[in-house]
Amino acid sequence: MKYNIEHIYASQSEIGEAPLWVPEEESLYWTDTQSNSIWRMRLTDGAVIRWRVSLPVTALMRREGDGFLLVTKTGLAFWESRTNVCELIANPLAGRTHLSFNDGVIDRQGRLITGTMNHVKLSPPDGCLYRLDGNLTLNLLDSGLSVANGIGVSPDGKTVYLSEQFKGRILTYDYDTESGILGNRRVFAKLPEAEGLPDGITVDAEGFVWNCHWGGSLITRYTPAGKKDLQITMPVPIIACLAFAGDGLSDLYVTTGWYGMNSKDRKKKSGAGDLFRIKTGFKGLREPRFKG
């Protein structure tokens, strides 16, 4: 099936990440990890605001109260959009300058699951997964990962999906929703080398897993058993992250990047780094908020 891919906004993000739907604002937020930027677009009229924040933000999530929880390269933080103030709350990587936080998701119980990476040498298995609880305690969940990237949670909360980017595969875990412990790590899907590397993940209302292909110009939807269900070819090569948003959570918004592209390639793919929308016919899940 051929999908209509709409070019929505020319943010020209070097690495556009972490689209987040905030229904009470009728707005979509996203980040540019290379320019310390947070964007907000109000979908009703297309009005856009950009904040430059004090920390190198890579992902953002709503808190149950006011404000946002940020994943940044240098730790986890709270952020208030009205004041544009960031408050660092956890950084277990302090002193290890080759490591940084990368992506995150809120589990169905309101806790953060977030991953790390070696940003100096990408392939070593130096990445870890952590869980941040509502009382702001940080717990190590797994280690030995070659860039812990996109993270998703099944509708019932009992399965976690992770893009182990530089192994070219998506992993899956059993997740104890009471204790917040991961177990039974296994391979969910392996990407062919020609299709790029796995990046951002979201899980839809049917429990199917959507994955972005960094450098592959593709989005793949997988069944809960890890079989390819469909693929969408995008007009730009670097597909970073995606989220369902809008009324009924029926539109898929996709963030992209131009990281590593030379000027000639950027001219050929002028939408690289911009925001896109796809009406897929599927619906997403309302993302939980951080209980802290």
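Below, the figures for the structure above:
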item	result
Selected residue (criterion: farthest from residue 188 (Cα to Cα)) from residues of segment 228-262 that are out of contact with any strand residue (DSSP E or B) (no Cβ under 8 Å at 6 or more places or on another chain) and assigned to a loop (DSSP other than H, G, I, E, B)	262
Residue in segment 248-260 that is surrounded by fewer than 22 Cβ atoms within 10 Å (Cβ to Cβ), touching a Lys or Arg at 6+ places or on another chain (Cβ under 9 Å) and under 29 Å from residue 174 (Cβ atoms) present	yes
Options 74, 58: the member that is crowded, with 18+ Cβ neighbours inside 10 Å and either under 29 Å from residue 267 (Cα atoms) or touching a residue at least 24 places away in the same chain (Cβ under 8 Å) (or both)	58
Pair list, Cβ under 9 Å, 6 or more apart: segment 31-42 residue farther than 15 Å from residue 260 by Cα and at pLDDT 95 or above, other residue of a type in the set (Asp, Glu) and not in a loop (DSSP other than H, G, I, E, B)	31/17; 38/32; 39/32; 40/25; 42/25
Top-ranked residue in segment 53-65 [being outside any loop (DSSP other than H, G, I, E, B) and either modelled with pLDDT under 95 or hydrophobic (A, V, I, L, M, F, W, C) (or both); ranked as nearest to the chain's Cα centre (by Cα)]	59
Set 95, 16: member being surrounded by 21 or more Cβ atoms within 10 Å (Cβ to Cβ) and either modelled with pLDDT under 95 or closer than 25 Å to residue 284 by Cβ (or both)	16
Residues satisfying the stated conditions in segment 1-22, i.e. in a loop (DSSP other than H, G, I, E, B) and either closer than 15 Å to residue 42 by Cα or touching a Cys at 6+ places or on another chain (Cβ under 7 Å) (or both)	10, 11
Single match in 118, 102 (criterion: out of contact with any Gly (no Cβ under 6 Å at 6 or more places or on another chain) and at pLDDT 95 or above)	118
Residue satisfying all of: in segment 172-196; touching an Asp or Glu at 6+ places or on another chain (Cβ under 8 Å) and not in a strand (DSSP E or B); farthest from residue 207 (Cα to Cα) among these	180
Subset of segment 91-118 (residues that are of a type in the set (Ser, Thr, Tyr) and touching a Leu at 6+ places or on another chain (Cβ under 9 Å))	100, 114, 116
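The values are calculated or read from the model by the stated rules, or taken from the named source; none is laboratory data. Please read all numbers here as calculations on a predicted model, not as lab measurements. No Cβ is skipped: glycine too gets one built from the backbone with ideal geometry, and neighbour counts run over all protein chains shown.
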